[in-house]
Amino acid sequence: MIKNLKIITQKKAGFKISDYNTSKRLSDIVYIETGIEVSYNTLRRFFGIVKSVKPSNHTLNALAIFNGFTDYNDFILNYNLKNRWKQDFEIADLYNQSRTQILNYIDVNLHVKRQFVQKLVQILRELILVRNYTLLNQIFNAPRMAFNEFDFDDVAYFGNCIGPIIKTIDIKSFEAQSLIVNDNFIDLVLCIYVDYNNLSGHYGEFLKLIKNQSKRKDIIQFSKAVLNLNFYLTDKINKLYELNFDSKYHPILQSRIMAQLLFLEPSDCIANLDNYSRNLKFDNKTNIDFYFEIITTALVTQNFEVMAWVSKRFESKTDYNNFYKFEHHEHYTLMLIMLLKYQNDTKQLNLWLKSVSFDNFYRPYSILLMQYVHILKYHLSKIDKDIHKTKYMEVAVSFFPEFFTENYLLNYFKS
């Protein structure tokens, strides 16, 4: 870090510290700007003009303050943040360049360094906010923007950073509609950040557009499945779309389609789920993705029979191999705890409560799942029932009020 301090000090001073004169000049500048005296001989030793010695804290603090930090410790902690500001300025300058230059900048850097995804997110968020849909379409049309070109962690970061601002997209714009139905945009943003908060708003409108215009069977099924959840939560079950299952679909989409059975409550629901489970090929390992949406829908529909069915597929709470994301483990754990509460298995319930924080739900699901945390805590609490009821009702005011009623809270475990 001392080397970096030397570099930024000379950069700020505007000249190289290489002899007596430049050392004396820097000494004067530091004093004028900071009021701290650092002798020219100290600076000569610091910059290696004469035999160097270990710099004192006084020298390090003075030069750190000269460069805008509170002291040397602050410099150590926050120097990289200063570097990020520089990168932010570079990206800001990029917007003043031509469309070709921006596309070339992305093409040259994407997938070369992993941290470039962060810069790409900044660029795309800015373009969405200024509604430059033409350039956004060109970026997302690039072959290197395909889902399988990214690491999954990068996709999750990408989708969860872009997703919250897509509400600013003007769906009436033809160019914006082209972006919404762009396969790469769907895969990297809309399928990653499933905005349950806005199923009746902009996100639902996006899904309707995709359902009507996309040529991809999997994306059409995804759109219909998420819209079906909205129908269920808004008491419009008569409008449910019929879905078609395909074992070639992504595991979470397979789970989402199978979960539709719970909305319809057929008498052979468990038999159909058993058949689904038998046909999965796990290489002797159960994958949570194939049950992810079944878990969510079982919670929503209060289907404790299906919760019990899922729980048998994940026996050990200490084996995390099946939960490649901690968020997925917490998602499953909430379902299991709700089941144990329904079964009045107090011993197991208390053991599992010690293993979960309810702070790590997958971001797009957090508001939905926290409603079930409020329900659980309401029924477990002896003295704070009103607190948990109030939190539940406060969310319900703007989050599917026709579904998350007081009656649903009070009678959840009586179904």
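A short reminder: the numbers here are calculations on the coordinates, not readings from a lab. Bear in mind the structure is a predicted one, so any value in this text is a computation, not a measurement. Ideal geometry is used to build each Cβ from the backbone, glycine not excepted, and the neighbour counts take in all protein chains shown.
Before moving on, here are some points about what is shown:
- 3J(HN,Hα) couplings calculated from phi for region 41-56 with the Karplus curve 6.51 cos²θ - 1.76 cosθ + 1.60 (θ = phi - 60°) are, in sequence order, 5, 4, 5, 4, 5, 4, 8, x, 6, 10, 3, 8, 10, 4, x, 6 Hz; Gly and Pro show x.
- Net charge dipole, the chain: roughly 1240 debye, given to the nearest 20, about the Cα centre with Cβ charges of +1 for Lys and Arg and -1 for Asp and Glu.
- Percentage of interatomic Cα-Cα distances in region 95-193 larger than 24 Å: 13 percent
- Length-normalised contact order of the chain in % [C-alpha pairs under 8 Å, at least 6 apart]: 8 percent
- Karplus-derived 3J(HN,Hα), 6.51/-1.76/1.60, for each residue of region 249-255, Hz, glycine and proline x: 5, 4, x, 5, 5, 4, 4
- Peptides 181-191, 291-301, 358-368 ranked from most to least packed, by the mean per-residue count of other Cβ atoms within 10 Å: 291-301, 181-191, 358-368.
- Note that region 260-268 has calculated 3J(HN,Hα) couplings of 4, 4, 6, 5, 8, 6, x, 5, 9 Hz, one per residue in order, obtained from phi through the Karplus relation 6.51 cos²θ - 1.76 cosθ + 1.60 (θ = phi - 60°); glycine and proline are x.
- Each Cα pair under 8 Å and six or more residues apart adds its separation to the average, and for region 95-193 the resulting relative contact order is 31 percent.
- Size of electric dipole in region 2-78: Cβ of Lys, Arg +1 and of Asp, Glu -1, about Cα centre, debye, nearest 20: 420 debye
- Around Met307: net Lys/Arg minus Asp/Glu count, Cβ-Cβ under 14 Å: 0
- Of Met145, Met393, Met1, the sequence from fewest to most neighbouring Cβ atoms within 10 angstrom is Met1, Met393, Met145.
- Selection from Gly204, Leu264, Ile237 lying farthest towards where the dipole of region 179-292 points positive, charges on Cβ: Gly204
- Signed unit charges on C-beta, dipole axis of the chain, positive-most listed residue Pro55, Met338, Thr297: Pro55
- Panel order for Ile237, Ile7, by other beta carbons found within 10 Å of each beta carbon, from fewest to most: Ile7, Ile237.
- Note on the chain: dipole from Cβ charges, positive end direction compared against Pro143, Ile2, Thr405; the farthest Cα belongs to Ile2.
- Other residues lying with their Cβ under 15 Å from the Cβ of Leu190 contribute a combined charge of +2, Lys and Arg counting +1, Asp and Glu -1.
- Quotient of Cα Rg and 2.2 N^0.38 Å for the chain, N being how many residues it contains: 1.30
- Its DSSP H runs of at least 4 residues, each contributing -39,500 (n - 2.57), put the calculated 222 nm mean residue ellipticity of the chain at -18500 deg cm²/dmol, to the nearest 500.
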